[in-house]
Amino acid sequence: MLTDKVLENLPQSIRRRVEPYIEAVQVMTETSNPKVLRSMAGSGVRGLILQRGKQGVPVTMPSNHRSYFDWTYPNDQPEMRELYERAKEQQWNGADLPWDIDVDPENPEVPIIPPEFMSYDELRDMGIKLTELEKRRLNASVATWMLSQFLHGEQGALLAAAQVTEAVQFFDGKLYGATQVVDEARHVEVFHRYLDTKMNKLYQINDNLFVIIDALIQDSRWDMKFLGMQIMVEGLALGAFGTLYQMTSEPLLRELLRKVIQDEARHVHYGVIALREHFNHELSEAEQREREDWAFEVALLMRNRFLSYEVYEEWFEHKISRKQWAHMISHSPGFELFRQTMFQRLVPNLREIGLLSDRIKPHYERVGLMKYFNGRSADHMSGDQMIAELDAA
Ligand SMILES: [Fe+2]
Ligand SMILES: [Fe+2]
């Protein structure tokens with residue numbers, strides 16, 4: 001690519017500054033759908049170029065959706081009603097987790113993520129030799145970064161769930177949605193408490209994640225909020241939580257994730273129910289194509305989120321290039337496992353809501369995401385079933 005050639009010939013210090021912008025343009029222009037580009041371009045500029053999530057000040061985003069009222073109180077969606085009943089019964093208190101457990105993120109006996117998570121060989125080949133202690137510290141940084149992004153995603157989910165509750169036209173969906181708002185508040189509470197009192201550190205929101213949240217919060221269409229939050233962000237998060245749950249040796253985090261996963265299973269299920277009918281039967285072909293392309297763009301942003309540049313900037317910015325770091329991360333066993341389990345969960349859900357046509361599949365193939373599709377079916381599992389599956393694997 002021409003940009004690669006140009007970049008190679010720039011002095012390191014300038015290259016470091018322009019690389020993020022070039023990446024931003026590349027990811028935002030990956031879609032050829034002008035409607036998607038138009039609806040996401042503003043968020044792309046705010047997140048990737050202006051880095052609005054990283055200014056250390058509160059961010060306001062205007063909401064443009066309509067609040068949908070129904071004064072006849074219909075029982076209009078039995079599956080959502082059922083989820084509402086289940087959600088009420090399964091409420092839990094974040095304060096009841098075993099918070100008295102001592103956590104030392106650098107303790108090799110109880111690693112938060114396994115020591116072989118990163119590709120240290122590749123780092124060494126780039127001239128970066130780390131001592132055992134430094135490796136443990138880097139691993140702790142990566143774990144803290146990941147948990148920080150989970151927390152930021154949960155704040156996005158909290159506000160998106162509130163919007164969705166207003167905008168959804170199913171009355172049973174509103175009752176259910178209210179329980180999700182409480183669930184997400186609890187997730188913010190427990191992830192924040194864990195980071196604050198156990199890891200003693202919080203990373204800023206990743207730019208790619210900011211773009212997704214910014215785009216779906218400001219989109220006026222109720223189904224885009226569902227698609228962005230319930231299917232894409234939550235679906236991928238569910239995969240990520242499951243992987244970390246299996247991976248970690250730290251008992252408090254394991255228990256925290258077990259509880260959160262059980263809630264999230266309901267959330268993704270809700271998204272699939274709400275969109276299945278709508279996308280498969282109520283949209284024009286052009287509208288369906290737009291949603292399909294939008295989802296693909298979000299999938300790309302989520303893939304790039306995992307490149308964890310915030311850790312790179314802290315540790316290696318003056319030692320290796322972003323490209324080298326991205327290459328190393330893409331080939332790290334831990335991150336590869338995350339990508340695999342996340343997209344394995346996402347793809348069947350996309351298929352079920354009708355957003356995985358033969359037209360879009362080659363695009364997922366081109367960016368290397370289709371290979372994770374292993375033919376599993378969409379998420380209708382209860383939280384208990386999901387945990388049982390994770391424990392058995
Ligand atoms: Fe959540
Ligand atoms: Fe959720």
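Report the residue count in the stretch 147-204 for those that are away from ligand 2 (no atom under 15 Å from the Cβ), buried (at least 18 other Cβ atoms within 10 Å of the Cβ) and among the hydroxyl-bearing types (Ser, Thr, Tyr).
Within the stretch 147-204, residues that are away from ligand 2 (no atom under 15 Å from the Cβ), buried (at least 18 other Cβ atoms within 10 Å of the Cβ) and among the hydroxyl-bearing types (Ser, Thr, Tyr) number 3.
Name the residues in the stretch 61-105 that are modelled with pLDDT of 95 or more, among the small types (Gly, Ala, Ser) and surrounded by 15 or more Cβ atoms within 10 Å (Cβ to Cβ), would you?
ALA87, GLY94
State all residues of the stretch 246-274 that are more than 15 Å from ligand 2 (Cβ to nearest atom) and in contact with a Leu (Cβ under 7 Å, 6 or more places away or on another chain); if no residue qualifies, say none.
Of everything in the stretch 246-274, those that are more than 15 Å from ligand 2 (Cβ to nearest atom) and in contact with a Leu (Cβ under 7 Å, 6 or more places away or on another chain) turn out to be GLN246, LEU252, GLU255.
So which residues in the stretch 207-242 are more than 16 Å from ligand 2 (Cβ to nearest atom), under 22 Å from SER67 (Cβ atoms) and in a helix (DSSP H, G or I)? Working first, answer last.
Step one: of the stretch 207-242, the residues more than 16 Å from ligand 2 (Cβ to nearest atom) are 207-208, 210-211, 214-215, 218-224.
Filter once more, keeping what is under 22 Å from SER67 (Cβ atoms): 214-215, 218-224.
Listed by number, the residues that qualify are ASP214, ALA215, GLN218, TRP222, ASP223, MET224.
Just need a number here: residues in the stretch 183-204 that are within 13 Å of LEU256 (Cβ to Cβ) and within 9 Å of ligand 1 (Cβ to nearest atom).
Matching residues across the stretch 183-204 total 4.
Inside the stretch 275-319, can you point out the residues that are within 16 Å of ligand 2 (Cβ to nearest atom) and surrounded by fewer than 20 Cβ atoms within 10 Å (Cβ to Cβ)?
none
Anything in the stretch 21-60 that is at pLDDT below 80, within 17 Å of ASP214 (Cβ to Cβ) and touching a Phe, Trp or Tyr at 6+ places or on another chain (Cβ under 9 Å)? List them, or say none.
Answer for the stretch 21-60, where residues must be at pLDDT below 80, within 17 Å of ASP214 (Cβ to Cβ) and touching a Phe, Trp or Tyr at 6+ places or on another chain (Cβ under 9 Å): just THR31.
Exactly one condition in (1) in contact (Cβ under 8 Å) with a residue 60 or more places away in the chain; (2) within 16 Å of ligand 1 (Cβ to nearest atom); (3) over 22 Å from LEU257 (Cα atoms) is not met by ALA162; state its number.
Status for ALA162: all satisfied but (1).
Is there a residue in the stretch 292-299 that is away from ligand 1 (no atom under 16 Å from the Cβ), more than 17 Å from the chain's Cα centre (by Cα) and modelled with pLDDT of 90 or more?
Step one: list which residues in the stretch 292-299 are away from ligand 1 (no atom under 16 Å from the Cβ), which gives 292-299.
Applying the additional criterion that residues be more than 17 Å from the chain's Cα centre (by Cα) yields 292-293.
With the extra rule that they be modelled with pLDDT of 90 or more, the set shrinks to 292-293.
Yes, there is a match, as at least one residue in the stretch 292-299 is away from ligand 1 (no atom under 16 Å from the Cβ), more than 17 Å from the chain's Cα centre (by Cα) and modelled with pLDDT of 90 or more.
Select from the stretch 185-206 the residues that are more than 11 Å from HIS152 (Cα to Cα) and part of a helix (DSSP H, G or I) and list them in ascending order.
Correct list: ALA185, ARG186, GLU189, VAL190, ARG193, TYR194, LEU195, ASP196, THR197, LYS198, MET199.
With touching an Asp or Glu at 6+ places or on another chain (Cβ under 9 Å), farther than 30 Å from PHE170 by Cβ and of a type in the set (Phe, Trp, Tyr) as the only criterion, which of TRP92, TRP145 stands out? Walk me through it before giving the result.
Numbers: TRP92 fails: farther than 30 Å from PHE170 by Cβ.
Testing whether each residue is touching an Asp or Glu at 6+ places or on another chain (Cβ under 9 Å), farther than 30 Å from PHE170 by Cβ and of a type in the set (Phe, Trp, Tyr) leaves just TRP145.
Using the structure shown, decide if LEU151 is under 22 Å from MET61 (Cβ atoms) and either polar (S, T, N, Q) or within 16 Å of ligand 1 (Cβ to nearest atom) (or both).
yes
The values are calculated or read from the model by the stated rules, or taken from the named source; none is laboratory data. Bear in mind the structure is a predicted one, so any value in this text is a computation, not a measurement. Counting neighbours? That spans all protein chains shown, and the Cβs are built from the backbone with ideal geometry, glycine included.
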